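Student: Okay, handing you the structure first.
The values are calculated or read from the model by the stated rules, or taken from the named source; none is laboratory data. Every value quoted in this text rests on a predicted model; they were computed, and no experiment measured them. Here Cβ is always computed from backbone atoms with ideal geometry, including for glycine, and neighbour counts include all displayed protein chains. Ligands, DNA and RNA are stripped out before the accessible areas are found, and what is left, the full protein with its side chains, is counted by its heavy atoms. Shrake-Rupley method; radii C 1.70, N 1.55, O 1.52, S 1.80 Å.
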Amino acid sequence: MIFDDEPEPGSPLPILPGHVSPGRFERVLRAGGFAVTAELAPPDSANAEDVYERARIFDGYVDAINATDGSGANCHMSSVAVCALLTRVGYSPIMQISCRDRNRIAIQGEILGGAAMGVCNMLCLTGDGVQAGDHPQAKPVFDLDCMALLETAKRLRDQGTFESGRKLSSRPHVFFGAAGNPFVPPYDWRPERMALKVAAGAQFVQTQYCFDVPRLKQYMAKLDDLGVLDQVFILVGIGPLPSAKTADWMRRHVPGVHVPDAVIDRLAKAEKPKLEGRKICIELIQEIREIKGVHGVHMMAYRQEEAVAEVIDRSGVLEGRVPWHPGRDRKIDIQHREPEAALS
């Protein structure tokens, strides 16, 4: 995917009117493209090549890569470090920031540091409690929650000041997002909470796994009633289930995940559950893309990252376009480009 005004493929783009970042992810969304993001499982390693090896699996199929921040309160390479490595070679990362492990001083410094490294997208999260992870003896911070984090991040970018009021010499040009969960009660409260996140500064949303399309439709309809759909880009979480056993475990142990009985029954009856799980994922993507207000999907394929290319390709949601990735042929035929800021 090439934009007409980019100085060089993979480089930061000029910030257009109405945009807040020089990033490709925001460009794709505002140009009307159906965006695809994917979650990169950070390595338990200090080797940069381990990050690049995991990122290359997504080449040509995703518009941005999420670098998780101690997901599930488990320790891995840090999100900011993964993003530093990804931006070094031209990938478009989404840096996740959790309130669990940092106070407001560290968080504001990390936003500035990430922006200085070329990170154009950040996802603001409260974070899972430490009791859920592999270091339950750790001391949680939670100086801020996701709402306060969004407000703080927006202040840095739009007002150019720290929370203390001290002025910045240079503002971070970052597209800020939040997480959404339509699939757990109280269902009526979930859209209202999302409206508050948007008011606090969320410009894009990535949801928890969706296996229940009727529930998603109800959530999106309520957001529409609240007037939120025109203010935010929503990417629905999706992922292939490898077996009925895994699906049942997820719905019992992963907060916010609802897997209907019909999905588990279908996996249980399949001769090849892993292939059936991918087929279900493809069908869900094709159904989800038709819902008003959905602007993309967020792929979470833990230990099945190699399935992302197949699922996205067979779903047809990219409609022939190829997201930019390092190593893609940089020779561009200027005569055959689309009009400025259009997708190609």
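Student: For residue 287 and residue 262 in the same chain, what is the full-extension length gain: residue separation times 0.36 nm, less their Cα-Cα distance, in nm? Show your work: numbers first, answer last.
Tutor: Values: separation 25, 0.36 × 25 = 9.00 nm, distance 1.63 nm.
Using 0.36 nm per residue and subtracting the Cα-Cα distance, I get 7.4 nm.
Student: Taking 0.36 nm per residue of separation and subtracting the Cα-Cα distance, what length does fully extending residue 16 through residue 74 add?
Tutor: Values: separation 58, 0.36 × 58 = 20.88 nm, distance 3.83 nm.
This chain segment gains 17.0 nm when fully extended.
Student: Considering only 193, 100, 157, give the residue with the highest GNM mean-square fluctuation for the chain, with springs between Cα atoms whenever their separation is below 10 Å.
Tutor: Greatest mean-square fluctuation among the candidates belongs to 193.
Student: With the other protein chains left in place, how much accessible area per residue, in square angstrom, belongs to the chain at a 1.4 angstrom probe?
Tutor: Values: 15450 Å² over 344 residues.
The answer is 45 Å² per residue.
Student: Between the alpha-carbon centers of segment 132-200 and segment 87-130, tell me the distance in whole angstrom.
Tutor: For segment 132-200 versus segment 87-130, the Cα centre distance is 11 Å.
Student: When log10 I(q)/I(0) by the Debye sum over Cα atoms at q = 0.10, 0.12 Å⁻¹ is calculated directly from the model, which label among (i) -0.77, -1.05; (ii) -0.58, -0.86; (iii) -0.68, -0.94 fits?
Tutor: (ii)
Student: Given contacts defined as C-alpha pairs under 8 Å and at least six residues apart, what's the relative contact order of the chain, whole-number percent? Write down the numbers at each step before the final one.
Tutor: Values: 653 pairs, mean separation 71.1, N = 344.
Answer for the chain is 21 percent.
Student: Kirkwood Rh over alpha-carbon pairs of segment 14-78, then Stokes-Einstein at 25 °C and 0.890 mPa s: what D in µm² s⁻¹, rounded to an integer? List each step's numbers first, then the result.
Tutor: Working: Rh = 13.6 Å.
Translational diffusion coefficient: 181 µm²/s.
Student: Using packing as a proxy for protection, rank 135-143, 173-181 so that the peptide with the highest average count of other Cβ atoms within 10 Å comes first.
Tutor: 173-181, 135-143
Student: Using only DSSP helix segments of four residues or longer, with each worth -39500 (n - 2.57), what per-residue ellipticity at 222 nm results for the chain after dividing by its residue count and rounding to 500?
Tutor: -10000 deg cm²/dmol
Student: Right, next: For a bin width of 5 Å, list the pair-distance distribution of segment 197-237 built from all Cα-Cα distances, rounded to whole %.
Tutor: Pairs per bin, as whole percents: 6, 21, 31, 28, 12, 2.
Student: List the lysines whose alpha-carbon lies under 22 Å from that of residue 272, not counting same-chain residues fewer than 8 positions away?
Tutor: Once the sequence-local lysines are set aside, what remains near residue 272 is 245.
Student: Once you put a point 7 Å from the Cα of residue 131 and another 7 Å from the Cα of residue 81, both along the Cβ direction, what distance in nm separates them?
Tutor: 2.9
Student: Next up: If I stretch the segment between residue 54 and residue 143 completely, what's the gain in nm (0.36 nm per residue apart, minus their alpha carbon distance), one decimal? Could the numbers behind the result be given before it?
Tutor: On the way: separation 89, 0.36 × 89 = 32.04 nm, distance 3.23 nm.
Full extension of this stretch gives 28.8 nm more.
Student: What FRET efficiency comes out for residue 310 versus residue 164 if R0 is 51 angstrom and r is the Cβ-Cβ distance? Round to the nearest 0.05.
Tutor: The formula returns an efficiency of 0.55 here.
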